[in-house]
């Protein structure tokens with residue numbers, strides 16, 4: 001049997017600890033609960049296969065994010081993501097686990113809209129930093145980029161998010 | 001300021017997207033199955049994908065077919081073999097439903113069953129097949145007793161065969177136990193459920209249906225063998241449970257969850273089964289089956305509560321009990337449908353927590 005640097009128990013612990021985060025990351029990238037669930041499950045299956053082949057993983061959390069990210073890219077190459085407007089036409093509504101008061105429900109949709117309208121280069125860092133609470137260091141390990149680069153992208157991305165948010169606010173007030 | 005607050009709220013709101021607990025548990029159990037499967041593959045049993053086997057078979061068959069078509073002697077021989085096989089297969093097929101004392105019964109036990117045994121290779125397959133044969137002997141005894149055809153000789157033949165199958169099953173199961181205790185537990189649970197169900201069927205037949213004294217004794221003799229085997233499966237179950245309970249918390253938690261989902265599936269299967277057999281059994285049996293299923297569901301729901309409070313040992317014992325109950329209900333209903341007699345359904349015993 002090949003030596004594994006991550007045991008079955010550690011792997012299952014990583015599932016218990018990070019599965020919700022990976023799922024949430026996928027959800028905000030593909031805007032589809034079922035698809036996000038499938039990608040999350042497949043992420044863990046692929047990671048386990050990688051471990052059983054004797055490959056070494058230093059940071060399992062970063063590895064899981066990277067695998068999920070690559071799968072999302074593959075997925076979008078196969079089929080271009082459906083926009084929120086298209087989904088609304090099909091009767092799709094984002095599902096939120098908390099009790100859905102109309103205001104909160106609206107905001108859940110709003111964040112999806114904001115994320116969708118961001119440039120591709122900002123999407124990942126914004127989801128990881130503000131929705132999944134990852135540190136700059138962790139994001140840089142996942143994206144394999146310098147901390148400086150990540151920091152700059154997070155700052156610019158955040159400025160964009162606020163800009164879109166304020167624009168939406170004023171539109172709503174005027175209407 | 002107001003917009004800042006709103007923005008913060010919006011960001012916080014975005015974090016509420018999580019998996020539902022049930023979804024998470026299901027994916028986790030899928031991963032555990034994947035881990036277990038990989039272990040088996042790594043331990044040496046490299047499997048050839050079925051499509052590769054088919055390709056090989058296809059290529060081989062094609063070359064044989066070509067040589068037969070080009071050779072008249074071979075063509076003639078093949079025709080004779082086909083005629084022989086056709087006649088032979090009719091006999092073999094006819095023997096399938098024969099009972100002890102019938103002309104074709106020896107074909108069934110000495111040819112059909114032995115051939116099938118020879119083509120079963122894995123330890124698990126061999127154990128399950130031996131159990132299947134042991135069950136078949138009990139069903140034959142039930143049918144003969146209800147038809148008033150059970151004499152001393154037939155009873156002795158069935159009893160000997162039953163004990164032979166059971167001892168083969170035990171040999172195979174002890175080999176499995178050394179390699180994979182999870183598979184052992186699964187087979188042992190199925191066996192226990194089946195023996196319990198057949199024991200109640202035989203008791204019912206012995207007490208109410210059949211009237212001849214010597215035949216009653218014949219049934220009692222085999223019942224004593226069945227009950228001894230039930231005691232054996234029970235003690236094996238306790239041993240397996242102690243082994244499991246002495247393992248780490250993680251292994252126990254994973255096994256308890258797996259057992260819970262298995263029991264849930266068994267109950268779902270039984271719900272459909274009860275409805276599908278509704279018209280083949282008496283109204284009382286239908287109602288009793290539903291009542292017993294309710295008890296099994298209660299045990300499962302208790303198992304869930306214990307699982308939530310991380311009392312894994314109790315949860316495991318309760319879900320195992322629920323699963324066995326569901327299986328017993330199906331076997332007993334099937335027996336009544338086949339024999340057309342009213343049977344006492346197995347009743348759940350409140351021993352889940354004691355089973356630890």
ask   = Counting partner chain Cβ atoms within 10 Å of every residue's Cβ in B:18-28, what's the average?
value = 5
message = I'd like the mean, over residues of A:129-141, of how many other protein chain beta carbons sit within 10 Å of each residue's own Cβ.
response = 1
ask   = What is the Cα centroid distance between the stretch B:126-167 and the stretch A:44-64, reported in whole angstrom?
value = 52
inquiry  = How far apart, in nanometres, would the label points at residue B:182 and residue B:269 be if each is projected 7 angstrom from Cα along the Cα-to-Cβ direction?
reply    = 1.7
Cα point-scatterer Debye curve for the stretch A:118-175, base-10 log of I(q)/I(0) at q = 0.21 Å⁻¹ = -0.73
task = Rounded to the nearest 0.05, what FRET efficiency do residue A:144 and residue A:45 give with R0 = 22 Å and r taken as the Cβ-Cβ distance? Could you check?
result = 0.45
inquiry  = For a quick check: sort B:7, A:15 by the number of other beta carbons within 10 angstrom, fewest at the front.
reply    = B:7, A:15
task = Can you work out the PRE-style zone for residue B:304? Point 7 Å along Cα to Cβ, and I want the residues of the stretch B:223-264 with backbone N under 18 Å.
result = B:256-264
task = Within the stretch A:124-167, which residues have the backbone N less than 12 Å from the label spot 7 Å out from residue B:6 along Cα→beta-carbon, could you tell me?
result = A:165-167
message = Could you check the spin-label model distance between residue B:337 and residue B:213? Points 7 Å from the Cα along Cα→Cβ, value in nm.
response = 3.9
key: FRET efficiency, 1/(1 + (r/R0)^6) with R0 56 Å, evaluated for residue B:175 and residue A:152 via beta carbons   = 0.30
ask   = What shape does the stretch B:226-270 take by its C-alpha gyration tensor, where a ≥ b ≥ c are the square roots of the eigenvalues and a/c under 1.5 counts as rounded, a/b above b/c as prolate, and the rest as oblate?
value = oblate
request  = Indicate the gyration tensor shape class of the stretch A:1-81 (rounded, prolate or oblate), computed on the Cα atoms with a ≥ b ≥ c the square roots of the eigenvalues: a/c under 1.5 is rounded; otherwise a/b larger than b/c is prolate and the rest oblate.
outcome  = prolate
message = Would you work out the Kirkwood radius for the stretch B:98-138? I mean one over the mean of 1/r across all pairs of different Cα atoms, in Å.
response = 10.8
ask   = Taking square-rooted eigenvalues a ≥ b ≥ c of the alpha carbon gyration tensor, is the stretch B:99-246 rounded, prolate or oblate, where a/c under 1.5 means rounded and, failing that, a/b exceeding b/c means prolate?
value = oblate
note = Quick calc, residue A:38 & residue B:148: beta-carbon distance into FRET formula, R0 56 Å, rounding 0.05, result 0.40
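Laboratory data are not the source of any read-out in this text; all were calculated from the coordinates shown. Every value quoted in this text rests on a predicted model; they were computed, and no experiment measured them. Please note: Cβ atoms are built from the backbone with ideal geometry, for glycine as well, and neighbour counts cover all protein chains shown.
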